[in-house]
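One structure below.
The values are calculated or read from the model by the stated rules, or taken from the named source; none is laboratory data. Keep in mind the model is a prediction, meaning the values are calculated, not measured. Methodologically, a virtual Cβ is constructed for each residue, glycine included, from the backbone with ideal geometry; neighbour enumeration extends over all protein chains shown. Please note that ligands, DNA and RNA were not included when accessible areas were found on the heavy atoms of the full protein model with its side chains. Shrake-Rupley method; radii C 1.70, N 1.55, O 1.52, S 1.80 Å.
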Amino acid sequence: MLPPDRGSATLSTRLIAGSAVLALLVAIAFGILVFAVTTLDDATKRERHTRAVSAQTLQLEKLVLDLDTGLRGFVLTGRQDLLTPWTTAHTALPGRLGAFKDLASTAPDERRRAEALVTAINQYVRDYAEPVVEIAQTDPAAGRQGIVRIEGARQLATVREHFANFLSAENALSAARTSAAKHRSNEAIAAAVAGLIASALLITGFGVYLTRSIARPVREVAAGAASLAGGDLATRLEPQGVGEVEDLTNAFNRMAERLETGRRELERQNERLRESERAKSELVSVVAHELRTPLASVLGFTSVLLHRDVNDEQRREYLNIIEAQARRLGALVNDFLDVQRLEEGKLSIAKELVDIGTVVREQTELFAGQSSKHLLDVSLPQTPLPVRGDSNRLAQVVANLLSNAIKYSPRGGIVRVAGKQNHDVVRVSIQDEGVGIPLELQREIFGKFVRGHATAEGIEGSGLGLAISRSLVEAHGGSIDFESTKGRGSTFWFELPTATTG
């Protein structure tokens with residue numbers, strides 16, 4: 001009986017020793033993988049912090065440039081309203097500087113660079129900007145002297161150099177951190193893969209001594225580990241086996257789930273960054289498009305006042321129009337960020353009782369004097385056309401359609417503007433005799449940046465007007481559409497629900 005007992009004891013000892021070695025290898029492999037995950041997470045946090053510092057730095061730089069723009073505009077013209085950017089930036093600057101210093105103080109070198117930048121900004125504001133504003137308010141001629149501009153340019157160049165140095169250092173620091181983290185992560189993953197492979201080999205060797213109920217789940221763990229090491233983070237193992245084997249599969253699943261969750265989070269962050277860049281690009285185009293119409297009105301009536309003899313009544317009328325459009329320019333600047341909110345459904349639309357006929361008349365009067373080649377023929381009923389909505393946004397829609405009708409009929413002609421109420425809807429239509437829309441572009445004409453052959457034909461525009469108009473009309477519960485024939489003109493119309501006046 002002793003030999004069998006000794007053989008059994010030897011086998012038991014081998015199993016225990018092999019299990020201990022296997023457990024050690026698996027523990028080391030998983031420990032290294034956990035270390036790799038921790039390293040990646042730490043690198044991600046550091047990179048997010050660096051991006052946040054860079055974003056805060058760019059915002060701070062824009063604030064300083066706004067301050068300088070308002071200062072120069074006021075000094076050169078003496079107009080108090082042009083000092084508004086300076087005043088706004090000057091008020092916001094202390095808080096922004098404090099937030100910047102708090103964020104950029106995680107490392108001694110970064111803190112020193114941030115303090116140097118803040119000192120340069122404070123010196124520019126205290127030693128130059130504030131005294132120049134005070135001088136310009138009391139003695140405008142003194143504020144416009146060449147030495148003042150030279151000194152301002154010198155100090156601003158110093159500040160911008162600090163900004164450039166700070167951002168360059170942040171970018172270098174981010175690159176260094178990312179490279180180091182990637183290197184450590186690659187080493188850890190390589191070691192983990194080696195450990196998992198060794199574990200798989202050991203499991204294969206002990207498979208001769210183990211029953212099928214133990215060998216199968218162990219082989220599946222090895223295959224899953226190889227798949228995970230190959231980049232398939234969706235790999236999951238079905239818990240089976242006995243004792244530690246089942247615990248091993250559960251631990252593997254938790255680790256794979258954490259790795260996959262981390263990757264999804266990184267992908268979401270990258271997508272948000274791309275969306276943010278796209279939104280910034282679209283905003284720039286919207287700014288260029290939406291400022292053009294009121295600015296053209298201001299320039300047009302200013303030209304009339306400068307080059308024609310008008311009586312006092314006409315002069316007052318033109319100045320009122322110029323003032324109204326200048327105010328609209330100011331309002332548009334504040335409303336540009338609403339474009340993105342509109343697309344996301346976050347823009348608040350007023351629900352006031354509006355006579356759309358009055359809106360159409362006002363916009364037609366503004367556009368009537370912009371082109372001597374166009375005749376605006378307006379057909380509106382004597383009774384109001386009541387809708388419920390935001391008069392400024394509806395005026396923006398009408399202005400976009402009128403602007404397009406004039407621009408896309410470069411040879412001139414009649415632009416027919418009509419409004420009518422048909423039971424429960426109010427319909428506004430604008431018809432031109434212009435170039436029309438090619439059939440192949442009609443399905444996508446309300447998309448962003450769709451301009452067709454307009455650029456080649458010298459017609460200006462950003463391709464955003466119709467997209468914005470459709471969003472605004474739909475936000476009011478209405479619809480917009482068109483009919484067009486190439487070479488024979490287009491008719492655009494929008495319909496809104498009729499508002500009850502009771």
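Hey, among Val398, Val428, which residue is under 10 Å from Gly357 (Cβ atoms), under 34 Å from the mean Cα position of the chain (by Cα) and either surrounded by fewer than 18 Cβ atoms within 10 Å (Cβ to Cβ) or modelled with pLDDT of 90 or more (or both)? First the steps, then the outcome.
Details: Val398 fails: under 10 Å from Gly357 (Cβ atoms).
Only one candidate passes the filter, namely Val428.
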Given the conditions (1) open to solvent by 40 Å² or more (accessible area, probe 1.4 Å); (2) modelled with pLDDT under 75; (3) assigned to a helix (DSSP H, G or I), every one holds for Asn320 apart from (2)
Scanning the stretch 363-396 for residues that are among the charged types (D, E, K, R) and assigned to a loop (DSSP other than H, G, I, E, B), the one farthest from Gln314 (Cα to Cα) turns out to be Asp390
Counting only residues that are of a type in the set (D, E, K, R) and modelled with pLDDT of 85 or more, the stretch 289-308 contains a total of 1
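Restricting attention to the stretch 242-268, and to residues there that are more than 45 Å from the chain's Cα centre (by Cα) and open to solvent by 30 Å² or more (accessible area, probe 1.4 Å), which single residue is modelled with the highest pLDDT?
We begin by selecting, within the stretch 242-268, every residue more than 45 Å from the chain's Cα centre (by Cα); these are 242-247.
From the residues that got through so far, the ones that are open to solvent by 30 Å² or more (accessible area, probe 1.4 Å) too are 242-244, 246-247.
Numbers: Val242: 61, Gly243: 62, Glu244: 65, Glu246: 70, Asp247: 74.
It comes out as Asp247.
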Here, helices (runs of 4 or more DSSP H) confined to the stretch 35-145 with at least 2 residues that are β-branched (Val, Ile, Thr) and farther than 20 Å from Ala157 by Cβ are 84-103, 130-138
All-but-one check, Arg14 against (1) open to solvent by 50 Å² or more (accessible area, probe 1.4 Å); (2) modelled with pLDDT of 80 or more, failing number (2)
Exercise for review: Might you check whether a residue that is modelled with pLDDT of 80 or more and open to solvent by less than 50 Å² (accessible area, probe 1.4 Å) occurs anywhere in the stretch 98-110?
Suggested key: yes
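Could you pull out the residue among Val415, Val378 that is of a type in the set (Val, Ile, Thr), under 23 Å from Ile437 (Cβ atoms) and modelled with pLDDT of 90 or more?
Details: Val378 fails: under 23 Å from Ile437 (Cβ atoms).
From the options Val415, Val378, the qualifying one is Val415.
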Residues of the stretch 219-241 being closer than 20 Å to Ile32 by Cα and either modelled with pLDDT under 65 or part of a helix (DSSP H, G or I) (or both), in sequence order, are Val221, Ala222, Ala223, Gly224, Ala225, Ala226, Ser227, Leu228, Ala229
